[in-house]
1. Helix 111-122 sits at what angle to the longest principal axis of the chain, using alpha carbons and giving 0 to 90 degrees rounded to 10?
2. So for the stretch 1-94, what percent of the C-alpha to C-alpha distances run longer than 17 Å?
3. Residue farthest toward the positive end of the dipole of the chain, with Cβ of Lys/Arg at +1 and Asp/Glu at -1: which of Met94, Thr110, Gln28?
Amino acid sequence: MKELVKLRVKPSRDGKTFKYFLDYMDEQGKRRRISLRHADKRKAERQRIQKERELRMGIVTSPSMRLSEFMDDSLARTCGQIRESTRKEYASAMKDFIGVIGNIDYQRVTLNHGELYRQRCFGPGEHSANRL
C-alpha cells in the first residue's frame, strides 16, 4: 500500500539541530507540510502513522473558511441538487446572517450567534413565542 504521509527532517538554521515534519497531499490535492516542532523520531513516526490513518479513514480537519466562503462552497456543491429559488433563499439568509454576526470563520459560529440572528429576524416588539 502506498504511503500517503512522508516523514521529513528539516535542519535548523544553525545546522546543529533538526525538527521533523509531515509531508502529504490533503483531500483537495494540495501539498501540506506540518511541522512537528520536535526531534523525537519515535514520536514523529507515531504522528505520521496517525495522520496516515486519518487520511485513509477520511478524518481530516476542515479548512478554515469565512462564512462567505462557506456559503459559496455550499452553493457550488449543491448546485445540481436544489432548485434555483432554494439557492437564492439560502444565499439571502446567509448574507443576512453574515450582516448580523460578521464574516467570521464558520468554525467559530456559536449558538449565541444563532440566537442573536434569530432575535434580529423577529424585529423590535415581536416575541419568539408568537413566531414559532
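1. 20
2. Within the stretch 1-94, distances greater than 17 Å cover 63 percent of Cα pairs.
3. Gln28
All of the numbers you see were taken from the coordinates with simple rules; none came from a lab. What you see is a predicted model, and the numbers here were worked out from it, not measured in a lab. Counting neighbours? That spans all protein chains shown, and the Cβs are built from the backbone with ideal geometry, glycine included.
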